[in-house]
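Take a look at the structure below.
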Amino acid sequence: MILVTGATGTVGRLALEQLPAGRAVRVLARDPSRVRVPRAGVEVVRAHYGDAAALGRALAGVERALLVTSRVGGQDDLAFLRAAREAGVGQVVKVSAASVADERAQDLITRWQRACEAALTSSGLGWTLLRPRAFMSNALSWAPSVRAEGLVRSLYGHAPNACVHPRDIADVAVLALTEQGHAGRAYTLTGPQSLSAVQQTQQLARALGRRLRFAELEPAQARTALLRRHPAAVVEALLESALRQKAGAKAQVLDTVRALTGRAPRAFGTWAHDHAHAFTPAGPAA
């Protein structure tokens, strides 16, 4: 039995879609009605990280689990791992972040992810760590201004980032959940090239077949925009991370996706083409 968490989010949803039909799969969800079940036979159970009894029931009989958490500074990983040990889970595949491996990264989000990784690797459970660079899908935050104004606004427009296609992360997650040989491994995942926000805007414009403008935000403007969506402490961590990107800390391209899957990682232009509908005036809200 494979358990998938985060199935209403980007990587969890894609991993769930790509798991082989012959495998028994269970989904843990706070709100099962939000889970898009890809095939018959996938079991969806209601549970959350704060409910130990429900976690225990969800993990009963599970051999491998995909762990995705997002509450920065929270104890969700610890609660899940405690329940997983009690249930006899064999291996946990955790989605973490590439910055964990950079000792210069000391922002709140990275320190939290390091602590979560340490909790897993010292838990006695089998483990695999997935450390992706920024998701290409983060560009969906530009969709409202692209639809309304033909404009992308971003901080540090020429700062490079080897962003990765979420489907590549999900592909590697599925391998770790279904194959042998991935226990005790940490995989840093990047896209095929390092791109700045300006370059992403150019590629998005080509995918849309329309001209787009780029406007670089000042740090104060970026802080104001981010505060509409995130707690203040998380915003400061994101701004600190952006400064590291400006200094080139996120530019390295690695061949991990190709080495594991046997094919090249997907390019940002591919992602933009596949999600062009989200940036058109009739497209869905990001």
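Coordinate-derived values only; no laboratory data. Remember, predicted model here, so these are calculated numbers, not experimental data. FYI the Cβ positions are ideal-geometry reconstructions off the backbone, even for glycines, and counts take in every protein chain you see.
Worth a mention:
- At an R0 of 51 angstrom, the distance between the Cβ atoms of R223 and Q180 translates into a FRET efficiency of 0.65.
- DSSP beta bridge pairing in the chain, given as percent antiparallel to the nearest 5: 5
- Charge tally around D274: other residues with Cβ under 12 Å, Lys/Arg +1 each, Asp/Glu -1 each, net +2.
- Under the Karplus curve 6.51 cos²θ - 1.76 cosθ + 1.60, θ = phi - 60°, whole-Hz ³J(HN,Hα) for the stretch 274-279, x wherever Gly or Pro sits: 5, 10, 4, 4, 6, 9
- Three-way shape call for the chain based on the alpha-carbon gyration tensor, with the a/c threshold at 1.5: prolate
- Placing unit charges on each Cβ (+1 for Lys and Arg, -1 for Asp and Glu) gives the stretch 1-102 a dipole about its Cα centre, and among S70, V42, I2 the Cα reaching farthest toward its positive end belongs to V42.
- Long-range amide H partners of Y187 with built H, under 5 Å: L129, L130, R131
- Modelled label positions at A101 and R71, each set 7 Å beyond Cα in the direction of Cβ, lie 3.0 nm from each other.
- Dipole of the stretch 1-123, positive end: most advanced residue of A83, P32, A105 [Cβ charges, Cα centre]: P32
- Unit charges on C-beta of K, R, D, E only; dipole of the stretch 50-108, Debye: 180
- Dipole check for the chain: with +1 at the C-beta of Lys and Arg, -1 at the C-beta of Asp and Glu, and the Cα centre as origin, the magnitude is about 500 Debye.
- A118-A53 pseudo-label distance in nm [points 7 Å out on the Cα-to-Cβ vector]: 3.4
- When shorter helices are ignored and each DSSP H run of at least 4 residues is given -39500 (n - 2.57), the per-residue value for the chain at 222 nm works out to -11500 deg cm²/dmol.
- Residue by residue, the stretch 153-162 carries 3J(HN,Hα) couplings of 10, 7, 7, 6, x, 9, 7, x, 8, 7 Hz when phi is fed to the Karplus relation 6.51 cos²θ - 1.76 cosθ + 1.60 (θ = phi - 60°); x denotes Gly or Pro.
- Our estimate of slack between E17 and H158, defined as 0.36 nm per intervening residue step minus the Cα-Cα distance, is 47.3 nm.
- Per-pair calculated FRET efficiency, R0 = 30 Å: M1 and A276 via Cβ, rounded to 0.05: 0.20
- Net +/- balance of residues flanking P32 in space, Cβ distance below 13 Å, scoring K and R +1, D and E -1: +3
- For the chain, averaging the sequence separation of C-alpha pairs within contact (under 8 Å, six or more residues apart) and dividing by the residue count gives a relative contact order of 18 percent.
- Counted charge near A225, where neighbours are those whose Cβ lies closer than 12 Å (Asp, Glu -1; Lys, Arg +1): +3
- Mean Cα-pair separation over length for the stretch 69-215, i.e. relative contact order, pairs under 8 Å, 6 or more apart, %: 26
- The stretch 207-286 and the stretch 6-63 have their alpha-carbon centroids 27 Å apart.
- The modelled label-to-label distance between A148 and A24, using points 7 Å beyond Cα along the C-beta direction, is 5.0 nm.
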